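The values are calculated or read from the model by the stated rules, or taken from the named source; none is laboratory data. These figures come from a predicted structure and were not determined experimentally. Cβ coordinates were reconstructed from backbone atoms using ideal geometry, including for glycine residues, and neighbour counts include every protein chain displayed. Quick note on the areas: whole protein, heavy atoms, side chains included, nothing else; ligands and nucleic acids left out. Shrake-Rupley method; radii C 1.70, N 1.55, O 1.52, S 1.80 Å.
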Amino acid sequence: MSGFELNVEEALTNLRGLLKETTAQGELHQQQVPHYRAVDAGRGFADRGALVAAMFTQLHHGGGQRLGNLESTVSSAISQVERYMQAESAFARSVEGIDETVKETTA
């Protein structure tokens, strides 16, 4: 790819920091489960309170899923950057080998 440049170390540092923060937020999220009792909606509103409690539970579950998805995505991005780094390194070694072969044949 023409003009593509990736600062691998900076990318990995940032991605690993994001992964650490995402993991910490996921753990914190799991510790803060909503507790809303249907009776907390008030007298005569227990049916509405049950709906609110279910909504809070669904919202919390969805937030946990999003954090889990982000964690998986960041882990995949780290793997991809590491693969890129390995491919670049292998390519550099192969080019160095060609350079040495050219030097030997022209000497």
**OP:** Collect the residues in the range 27-56 that are among the acidic types (Asp, Glu) and within 23 Å of Gly68 (Cα to Cα), keeping them in residue-number order.
**Re:** Glu27
Original post:
Taking into account only those residues within the range 26-63 that are closer than 27 Å to Leu15 by Cα and touching a Gly at 6+ places or on another chain (Cβ under 7 Å), which is surrounded by the fewest Cβ atoms within 10 Å (Cβ to Cβ)?
Top reply: Gln30
**OP:** Can you give me the number of residues within the range 71-91 that are open to solvent by 60 Å² or more (accessible area, probe 1.4 Å) and in contact with a Ser or Thr (Cβ under 8 Å, 6 or more places away or on another chain)?
**Re:** 1
**OP:** Find all pairs meeting these conditions: Cβ atoms under 6 angstrom apart; at least six residues apart or on different chains; first residue within the range 11-39 and among the small types (Gly, Ala, Ser); second residue part of a helix (DSSP H, G or I).
**Re:** Ala11/Val81; Gly26/Leu67; Ala38/Ala46; Ala38/Gly49; Ala38/Ala50; Ala38/Ala53
Subject >> Hits in the range 14-25 - residues which are open to solvent by 70 Å² or more (accessible area, probe 1.4 Å) and of a type in the set (Ser, Thr, Tyr) >> reply: none
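Okay, residues lined up against (1) at pLDDT 95 or above; (2) assigned to a helix (DSSP H, G or I); (3) in contact with a helix residue (DSSP H, G or I) (Cβ under 7 Å, 6 or more places away or on another chain); (4) aliphatic (A, V, I, L, M):
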position	(1), (2), (3), (4)
Val39	no, yes, yes, yes
Leu59	yes, yes, no, yes
Leu67	yes, yes, yes, yes
Thr73	yes, yes, no, no
Arg93	no, yes, no, no
Glu96	no, yes, no, no
